[in-house]
1. Among the strands (runs of 3 or more DSSP E) lying completely within the range 243-301, list those that include at least 2 residues that are away from the ligand (no atom under 14 Å from the Cβ).
2. Could you check the range 161-196 and list, in sequence order, the residues that are away from the ligand (no atom under 16 Å from the Cβ) and part of a helix (DSSP H, G or I)?
3. Among the residues of the range 197-212, which ones are in contact with a helix residue (DSSP H, G or I) (Cβ under 8 Å, 6 or more places away or on another chain) and in a loop (DSSP other than H, G, I, E, B)?
4. Got a sec? Which of 236, 209 is surrounded by fewer than 24 Cβ atoms within 10 Å (Cβ to Cβ), in contact (Cβ under 8 Å) with a residue 24 or more places away in the chain and either more than 16 Å from the chain's Cα centre (by Cα) or at positive phi (or both)?
5. I need the full set of residues from the range 260-273 which are under 19 Å from residue 299 (Cβ atoms) and crowded, with 24+ Cβ neighbours inside 10 Å, in order please.
6. How do the pairs read when you match residues in the range 130-152 that are free of Cβ contacts under 8 Å to residues at least 12 places away in the same chain with residues anywhere that are part of a loop (DSSP other than H, G, I, E, B) and more than 7 Å from the ligand (Cβ to nearest atom), using Cβ under 7 Å and keeping only pairs 6 or more apart or on different chains?
7. Among the residues of the range 115-136 satisfying the criterion of being assigned to a helix (DSSP H, G or I) and touching a strand residue (DSSP E or B) at 6+ places or on another chain (Cβ under 7 Å), which is surrounded by the most Cβ atoms within 10 Å (Cβ to Cβ)?
Ligand SMILES: Cc1ncc(COP(=O)(O)O)c(C=O)c1O
């Protein structure tokens, strides 16, 4: 293989990242339209790898959203730490199948170590089992499958062998403010969305412990660590204790919020979540391990394994952990290596510092917007800020104008019947200067919006 194209890819990728400081965050409309020039039927002739790289860079790079840079505050989007990006290049060169240890001892090793570190950060027992999947949605699904196995087994039913038709019912309870991906995962796992009993939440989106219905040993209770709008945390300590006494299975969707456990300053927010039975989170959000990387953790190794395992004559059984026995996929890329690289590069101190820095930036946004006369709608407990610019109509106009102007990118939402702009500071690359520049732009645009 010609290594010059690989060198050129590295040079072009570095130049792309360099360009993000000076670039508008959203892709320009003309650059998005230009992609159409590449639309054609499947061409007859081959094209060199160098030419492919040129096409991707010329057409693709300008039509990206600059989410790897410091001024993208949409959704909950992490960037990729340099060590994770370098690891991802290495992993692509290795081209390993991470399904079985025999296929890649290295992929298997780094993934297992990374999972152990995540358990340590979250204060979970070392014998919890885990899987590295594409994101928190997939991680929620994996955890719910383990819960399904355990709860139905208690009722004398084998979900994996006999399916769900005719199975004894399982009660599913979740907060009013549950993330939509959890409802999707419940649907995928056969629990259905409509059967979910919803618990009212308070003004910050926290489940109200006083409104929790009676729990029993056939109940799946879904908690949230980090509301996607406000960043708030369900009262895990109180609720998990009740759930444990009743023998219910508690699942935690902690896509980004659980990482607050890494910081001595914010760890109190995650108190009690370690008492649960399963946890889903993302490596591509706060730890900045790059897309895609989700993590499922389950207290009962046998439950996760029973939900996910498979066998065939040509698949050797192994003494070590085979990833395919713990997740939904067989063949897949070795994304656990990037997670390992991100965490190893940070260390405990770096991870805590990343969490604290991004939360500090969120507070800076809130203070700047309040000082400019706008309403911050949430208690800024971690890295999420909700802002109203007055009427719903004006708020929506400001959001569109901010996105068009391009200094930064913030999305919109509805919070308790009111339109709001969401600011999520999740990227390692965001600097204080990025926050200042973004604040200046937002305040000026909001002023012009009348
Ligand atoms: C609380 C919560 N759960 C789940 C998800 C879905 O995560 P992913 O897009 O990685 O599947 C998100 C995304 O923002 C989230 O905030």
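1. Numbers: elements: 249-253, 278-282, 294-298.
So the answer is 249-253, 294-298.
2. Matches in the range 161-196: 161, 162.
3. So in the range 197-212, the residues in contact with a helix residue (DSSP H, G or I) (Cβ under 8 Å, 6 or more places away or on another chain) come out as 199-200, 207, 209, 212.
Answer for the range 197-212, where residues must be in contact with a helix residue (DSSP H, G or I) (Cβ under 8 Å, 6 or more places away or on another chain) and in a loop (DSSP other than H, G, I, E, B): 200, 212.
4. Values: 236 fails: surrounded by fewer than 24 Cβ atoms within 10 Å (Cβ to Cβ).
Only one candidate qualifies: 209.
5. Our first condition is that a residue be under 19 Å from residue 299 (Cβ atoms); within the range 260-273, this holds for 261, 270-273.
Selection gives 261, 270, 273.
6. Nothing qualifies.
7. Within the range 115-136, the first condition is being assigned to a helix (DSSP H, G or I), and the residues that meet it are 115-122, 136.
Pick out the ones that are also touching a strand residue (DSSP E or B) at 6+ places or on another chain (Cβ under 7 Å) and you get 115, 118-119, 122, 136.
Details: 115: 24, 118: 23, 119: 20, 122: 23, 136: 29.
Here the answer is 136.
Matching residues to (1) within 20 Å of residue 284 (Cα to Cα); (2) surrounded by 22 or more Cβ atoms within 10 Å (Cβ to Cβ):
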residue	(1), (2)
382	yes, yes
398	no, yes
404	no, no
436	no, no
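Every read-out reported here was derived from the displayed coordinates using simple, explicitly stated rules and does not represent laboratory data. Here the structure is a predicted model, which is why all the values come from computation and not from measurement. Glycine gets a Cβ as well: all are built from the backbone with ideal geometry, and neighbour counts include every protein chain shown.
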